[in-house]
1. Are there trypsin sites (Lys or Arg not before Pro) in the range 55-126 that DSSP puts in a loop and that have at most 13 other Cβ atoms within 10 Å, and which ones?
2. I need the semi-axes of the equivalent ellipsoid of the range 100-236: take the C-alpha gyration tensor, multiply each eigenvalue by 5, square-root it, list largest first in whole angstrom.
3. Mind checking the per residue accessible area of the range 81-236 for me, 1.4 Å probe, whole number of Å²?
4. Between Ile116 and Tyr46, what is 0.36 nm times their sequence separation minus the Cα-Cα distance? Round to one decimal in nm.
5. What trypsin sites (Lys or Arg not before Pro) in the range 123-162 are in a loop by DSSP, with at most 15 other Cβ atoms within 10 Å of the Cβ?
6. Write down the Kirkwood hydrodynamic radius of the range 84-150, to one decimal in angstroms, obtained as one divided by the mean of 1/r over all alpha carbon pairs.
7. List the longest stretch of the chain that has no exposed loop site; here a site is one of the GluC sites (Glu not before Pro) assigned by DSSP to anything other than H, G, I, E or B, with at most 15 other Cβ within 10 Å.
8. Which FRET efficiency value, to the nearest 0.05, do you get for Gln233 and Glu32 by plugging their Cβ-Cβ distance into 1/(1 + (r/R0)^6) with R0 = 22 Å?
Amino acid sequence: MCIRDSSITIRKESLEEVKLSIPEASHSHLSESAQGNFKRLFDIHYDDPSTWESVLANETIKVWKKKIADSPVVLVKAFATLREVSPNKVYRAIFDVEERGKWETLLYDMRVFEKIDENTDMLYSAVRTPFPITDRDFCQLRTFAENYPRENSYAIHFTSTTHPLCPPLKNRVRAETVISGYVIQPSLTFTNSTDLTIIAQTDPKGNIPTPIVNHFAGKAPKEWVNKLLIACQKMK
């Protein structure tokens, strides 16, 4: 069963219903590190939502969060279907630094500063925050793959790292990406549409109280997906 009242539509079925086998041999070009990152991403992607706390469920998006034993910040998962937008457009809008800067206006100074291999690079970005909170920034290892785990599907995984070319700055607080990522696949319900899973566990560090961080973490995906959809509709 699906809700069809919006250009963004969610499947009401469990994500377990769309679980795909991922043949190891078909992605043998991926490094051991990349395969490990994607395994962590897909383990969360396919984790039964009934074991999570539901934050939001309406005609546009479903959002869940879960407390993780070894972290003060919650893990967030969201699922939506972007109608009449291809997976490739969604991937480019998220992955391409120039494209993303056009619509995600809170992000700035976003750049790839080192390429490791064909599926891995190093990314720097900063995030504008409301006064009097200090802007946050990130130094991330980004792993990505096209046609993964199946044709016309994409996966992107982020985690924080350190690098001499990406030192902490005095006027920004270095936030931590425990894990973040996207699973982008053709919709199983609508033609030329995209099923999108968003995963995020981010510690902003600094003096922001953890209960406030965890409260707002589950609210961010809804507005973000709406902006993403508009951006994709404008793309050629």
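1. Lys67
2. Computed over the range 100-236, the values are 27, 19, 14 Å.
3. 49 Å²
4. Here the segment from Ile116 to Tyr46 would lengthen by 22.4 nm.
5. Sparse-neighbourhood loop trypsin sites (Lys or Arg not before Pro): Arg128, Arg150.
6. Mean inverse Cα-Cα distance, inverted, gives 13.4 Å.
7. 152-236
8. Calculated transfer efficiency: 0.05.
The values are calculated or read from the model by the stated rules, or taken from the named source; none is laboratory data. Remember, it's a predicted structure, so these values are computed and weren't measured experimentally. Note that we place each Cβ from the backbone using ideal geometry, even for glycine, and neighbour counts take in every protein chain shown. Each accessible area value is taken on the protein alone, full model and side chains, heavy atoms only, with ligands, DNA and RNA left out. Shrake-Rupley method; radii C 1.70, N 1.55, O 1.52, S 1.80 Å.
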